[in-house]
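We did not get these values from a lab; they are worked out from the coordinates using the rules stated. Values in this document were obtained by computation on a predicted structure and should not be read as measured data. No Cβ is skipped: glycine too gets one built from the backbone with ideal geometry, and neighbour counts run over all protein chains shown.
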Amino acid sequence: MSNPYATPNSFDSGQDPISQPHQKFGGIGRLTFFGFMLGIAITGSYLIKRGEFFGNPWFWLFAGILPAYLRLKNIGMNPKLSFLLLAPIANCLIIFRCLIAQEGYIHTQKLDRVGKMNIVLAILGGATVAILLANSY
């Protein structure tokens, strides 16, 4: 007869610990990241126009690194990639991934419904901006 209170010899839950659905990664979510970046963009552009002390564009560029650092941590990517915001084309890719991917995306490699909807909204928004710019000339 086996002892039900004995310590098991090995642990096998039958699941890969990385793919557990409730694993917490820390950092901030999509909506919080969007709010931070929108606030940084609006406040920075206003203060740059007024010529205030914090109107230096480099200050606002570096201010965006912290939310990106926390968001990349939430996605499961290396947070040090947030410094790619200083590179011209890489910053678009990093911000796009931060706005689209859900928590733990790097382990599942599948977007949820909100992420897919965000892609559609990004395409529509980009097309709208392109049309408005083309019609303004």
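What angle, in degrees between 0 and 90 and rounded to the nearest 10, separates the Cα long axis of helix 65-75 from the longest principal axis of the Cα atoms of the chain?
Taking the Cα atoms of the chain, the angle to 65-75 is about 30 degrees.
At a Förster radius of 30 Å, what calculated FRET efficiency corresponds to the Cβ-Cβ distance of ALA41 and ASN78, to the nearest 0.05?
0.75
In segment 27-135, what is the count of Lys pairs whose alpha carbons are under 29 Å apart, counting only pairs at least 8 residues apart or on separate chains?
Counting lysine pairs in segment 27-135 gives 4.
Suppose the chain between THR128 and THR7 were pulled fully straight at 0.36 nm per residue; how much longer would it get relative to their current alpha carbon spacing?
Extending this stretch completely gives an extra 37.3 nm.
Working from Cα positions, state the angle (0 to 90°, nearest 10) between the long axis of helix 113-135 and the longest principal axis of the chain.
Roughly 10 degrees between the two axes.
Taking trypsin sites (Lys or Arg not before Pro) as candidate sites, keep only those in a DSSP loop with at most 10 other Cβ atoms within 10 Å, then name the longest stretch of the chain containing none of them.
25-109
Which of [x] 53, 26, 13; [y] 41, 19, 11; [z] 54, 17, 10 is the computed semi-axes √(5λ) of the Cα gyration tensor in Å for the structure on display?
[y]
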